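What follows is a set of notes on a single structure, which appears directly below.
The values are calculated or read from the model by the stated rules, or taken from the named source; none is laboratory data. Here the structure is a predicted model, which is why all the values come from computation and not from measurement. Here the Cβ positions follow ideal geometry from the backbone for every residue, glycine too, while neighbour counts run over all protein chains shown. With ligands, DNA and RNA removed, areas are computed over all heavy atoms of the protein, side chains included. Shrake-Rupley method; radii C 1.70, N 1.55, O 1.52, S 1.80 Å.
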Amino acid sequence: MKQQREHWGTRLGFIMATAGSAIGLGSLWRFPYVTGQNGGGAFVMLYLFFTLIIGIPVFISELLIGRASQKSAVLAYNDLSHGSTHWKLLGWLNLITSFIILSYYSVVSGWTLNYTVMSLNNFTANKTPEQIRNIFEILFKSGDISVFWHFIFMTMTVGVVFCGIRKGIEYWSKILTPALFTILIGLFIYSTTLPGFPAAVKFILYPDFSKLTASGVLTALGMSLFTLSVGLGIILTYGSYMKNSDDIPKTGLIIGSVSVLVSLFSALMIFPIVFTFGFKPEAGPGLVFQTLPVLFSKLPGTILLSTTFFILFVFATLTSAISLLEIIVANLIEVFEWTRTKAVLIAGLLAFLLGIPTALSGSGTLFKNWKAIFGGDFFDTVNNITATWFMPISAFLTVIFISFIMKKNFSEQEFSKGTTLQKTMHIWFFLVRYVAPIAIFIIILQETGVINLSKLFTK
Ligand code: PHE
């Protein structure tokens, strides 16, 4: 007997779960350090611009494909492609990308678990900012500890996905997402009082285009897709749990704005610390872990504050990791007719195994020559390849699919169901049909060296 597809219990629950997928390491961890590495303001502006013209329209497209097909990525692309057998490959690309991301996502999330426990032990007591910063270096080099936390985090993710969408994802998202917002805003307000705040604002908001490199443009696009969780079929799968009365464009705009705000707040909270204590903005993946504990150590109630923050941080990453695993599982169940238990266990185990080289990349115990061959450690490689290549390519194919493969009036009908923002339909369609594909295509050509746009600007 065909099982009835599970749907979201309440609209708020759905928004919270989708926001939970969007808000995670992307906004809180990746955005600040990538902004630091790419010189600040100009990068941030591009990120905002891409979110508006590409990220949100693709987000809406994914929800729409999901709801229209009531399937997960592989079968959704297959069913809506009018008999072509190729489009399901896009579903598979989504799946593989999610799988790789989940593997390293769990390692970084494991570090947040590690910092939660360290916070309970008041690890910053009697340490200088410099010493606090170095703790991350030690952690990064300790492969065994990273693998340990990676294992714990993956087990937690598997546990929630196992329970199914309503009881697991929706329930917890409703409670913890608002809690995270509250503490984030509180910390941001405190950061505004630091002496480095004006320098931080200037760094983040003042665009200096001379600091932007060509590859920074693709990174900004990847960043925008990554924070919104698009280009992976995740939003598509979440859309498949939506009802016809749910408002797709509105959801897209809300989630887009929320994730942009969280990214900006998190950068505005972290860079004042960077500038106040003379840290380097381009510190890389450790930035958040190196700076925030310094801030906490200066505040009253360090243990409580730091622990609460990292618990919420763990939660933010957990809801994202859940979404990554959920789509892998949803597809495996649909395509191979596996049971939920089997799909969750196999996918969780494989992602754990793939995460091991990432967890060990700082210690150099595995793949010793990886860096010499690939130019970055294993972690950098999987991190860059997925966000900078696979996600933009998949976003490109998604907009091509929605604007040229699906029938226009069919998509428009789906867009219109349940929405109060009917008027935005033409803008959306224009963006997905012309602006997004052309923009992504140009950026990819530029990045692969086929064209060189920077020549246009230099004489
Ligand atoms: N959007 C999530 C974040 O910002 C990351 C993520 C990417 C989650 C892709 C799911 C899919 O952390």
**Fill in**
Of the candidates PHE430, PHE226, ALA22, the farthest towards the positive dipole end of the chain (Lys/Arg Cβ +1, Asp/Glu Cβ -1, centred on the Cα centre) is PHE430
**Asked** About its Cα centre, how strong a charge dipole does the chain have in debye, to the nearest 20, once Lys and Arg get +1 and Asp and Glu get -1 at the Cβ?
**Response** 420 debye
**Message:** Probe radius 1.4 Å, ligands and nucleic acids left out: which of TRP338, TRP149, TRP428 has the largest accessible area, and how do the rest follow?
**Reply:** TRP338, TRP149, TRP428
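Based on Cβ point charges of +1 for Lys and Arg and -1 for Asp and Glu, what charge dipole magnitude is obtained for the stretch 271-375 about its Cα centre, in debye rounded to the nearest 20?
On the way: 6 positive and 4 negative charges, 74 e Å.
For the stretch 271-375, the charge dipole is close to 360 debye.
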**Prompt:** If you take the charge dipole of the chain about its Cα centre, with +1 on Lys and Arg Cβ and -1 on Asp and Glu Cβ, which of VAL147, SER72, ALA214 is farthest toward its positive end?
**Reply:** SER72
**Prompt:** Averaged per residue, what accessible surface does the chain expose to a 1.4 Å probe, in Å²?
**Reply:** 40 Å²
**Asked** Nearest 10 degrees, 0 to 90: what angle lies between the long axis of helix 391-400 and the longest principal axis of the chain (Cα atoms)?
**Response** 20 degrees
**Request:** Mind pulling the angle between the C-alpha long axis of helix 248-276 and the longest principal axis of the chain? Nearest 10 degrees, somewhere in 0 to 90.
**Result:** 10 degrees
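What does the charge add up to near PRO285, with Lys and Arg as +1, Asp and Glu as -1, over the other residues with Cβ less than 15 Å from its Cβ? Each step should come with its number before you reach the end.
Values: positive: ARG30, ARG133, LYS141, LYS280, LYS371; negative: GLU137, GLU282, ASP377, ASP380.
Around PRO285, the surrounding residues sum to +1.
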**Asked** For the Cα atoms of the chain, what angle does the longest principal axis make with the long axis of helix 340-359, in degrees from 0 to 90, nearest 10?
**Response** 40 degrees
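How high is the relative contact order of the stretch 382-459, given as a whole-number percent (alpha carbon pairs under 8 Å, six or more residues apart)?
Details: 28 pairs, mean separation 27.0, N = 78.
RCO, the stretch 382-459: 35 percent.
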**Item:** Integer Hz, Karplus 6.51/-1.76/1.60 couplings in order for the stretch 426-439, x for Gly and Pro
**Value:** 5, 5, 4, 5, 4, 5, 6, 7, 10, 5, 4, x, 5, 4
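Can you flag which of LYS202/LYS280; LYS280/LYS371; LYS250/LYS423; LYS211/LYS371 are past 18 Å Cα-Cα? Walk me through the intermediate numbers first.
Details: LYS202/LYS280 15 Å; LYS280/LYS371 23 Å; LYS250/LYS423 12 Å; LYS211/LYS371 26 Å.
Distance filter (> 18 Å) returns LYS280/LYS371; LYS211/LYS371.
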**Asked** What size of dipole, in debye to the nearest 20, comes out for the stretch 122-204 about its Cα centre when the only charges are +1 on Lys and Arg C-beta atoms and -1 on Asp and Glu C-beta atoms?
**Response** 200 debye
**Request:** Provide, in order from the shortest bin, the percent of all Cα-Cα pairs of the stretch 351-439 in each 10 Å bin, continuing until the bin that contains the maximum pair distance.
**Result:** 15, 30, 18, 17, 17, 4
**Prompt:** Stokes-Einstein D for the stretch 11-456 at 25 °C, 0.890 mPa s, Kirkwood Rh over Cα pairs, in µm²/s?
**Reply:** 112 µm²/s
**Item:** Reachable lysines, given that their alpha-carbon falls under 26 Å from the alpha-carbon of LYS342 and they are not under 8 places away in the same chain
**Value:** LYS2, LYS71, LYS88, LYS167
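Roughly to the nearest percent, how much of the accessible area of the chain is carbon and sulfur, given a 1.4 Å probe? It would help to have the intermediate numbers written out before the result.
On the way: 12450 of 18260 Å².
Carbon plus sulfur share of accessible area: 68 percent.
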